[in-house]
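Participant: Dropping a structure here in structure tokens format, bear with me for questions.
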Amino acid sequence: MRILLAVDGSPGSEAAVEEVCRRPWPPESEVRVVTVLTPIDYILMQEAAHSPVNFDDILEQQGMEAAKRLSEIADDLAQRAPGLHVTPRLLEGLPKEAIVDEAEQWSADLIVIGSNGYGSIKRFVLGSVSLAVALYAPCSVEIVRQLPIQSGSDLSSLDSNSPSQ
């Protein structure tokens, strides 16, 4: 089975990584962990700097940081799920398009993605990545929602075998 795991460092994508780690997969399953360098990142950084920015330097720095994070996630996944063949891949462009294109080119059987990742500005400009991927993907898509846990909450209330109060 070929699983495309899309990550962006958000709590939603961390939940997607956890889901892939905890699930039993068929033998010889492959996981391609992808993250996408987005053009909007550079525009927002230039706005924040209030001055002209050398985009080549920014692209290089962002690419190195993203590749490092991606490699760390892939290494962690490979250690925690040793039965999976894990490879990282850094993509560029609009996330929803890059993820769908990668799934098509790699012939993925499943895309696993977090339910939300972007902050409000990026979500407004780029739209919901998980929704677009679900609509246009050439394969099944699993959207993983991060379970909100309140501090001091009693997790036994989440047990389906315990009676309701």
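Participant: Give all pairs with beta carbons closer than 6 Å in which a residue from segment 86-101 that is closer than 9 Å to V133 by Cβ meets a residue that is surrounded by fewer than 19 Cβ atoms within 10 Å (Cβ to Cβ); count only pairs at least 6 apart in sequence or on separate chains.
Facilitator: Sorted first by the residue in segment 86-101, then by its partner, the pairs are K96/A132; V100/Y136.
Participant: Would you pick out the residues in segment 92-112 that are touching a helix residue (DSSP H, G or I) at 6+ places or on another chain (Cβ under 6 Å) and at pLDDT below 95? Break it down stepwise before answering.
Facilitator: Going residue by residue through segment 92-112, those that are touching a helix residue (DSSP H, G or I) at 6+ places or on another chain (Cβ under 6 Å) are 95-96, 99-100, 111-112.
If the condition is that a residue be touching a helix residue (DSSP H, G or I) at 6+ places or on another chain (Cβ under 6 Å) and at pLDDT below 95, then P95, K96 are the ones that fit.
Participant: Ok, one more. Would you say V31 is of a type in the set (A, V, I, L, M), out of contact with any Gly (no Cβ under 8 Å at 6 or more places or on another chain) and not in a helix (DSSP H, G or I)? Reasoning before the result, please.
Facilitator: Working: of a type in the set (A, V, I, L, M): yes; out of contact with any Gly (no Cβ under 8 Å at 6 or more places or on another chain): yes; not in a helix (DSSP H, G or I): yes.
The answer is yes for V31.
Participant: Hey, another quick one. Against the definition (small (G, A, S), closer than 19 Å to A134 by Cα and more than 15 Å from the chain's Cα centre (by Cα)), how does S107 come out, yes or no? If you could, list the steps in order and put the result at the bottom.
Facilitator: Values: small (G, A, S): yes; closer than 19 Å to A134 by Cα: yes; more than 15 Å from the chain's Cα centre (by Cα): yes.
When the stated conditions are applied, S107 passes them.
The values are calculated or read from the model by the stated rules, or taken from the named source; none is laboratory data. In this text, all values refer to a predicted model and were calculated from it rather than measured experimentally. Reconstructed Cβ throughout: ideal geometry from the backbone, glycine too, with neighbour counts over all protein chains shown.
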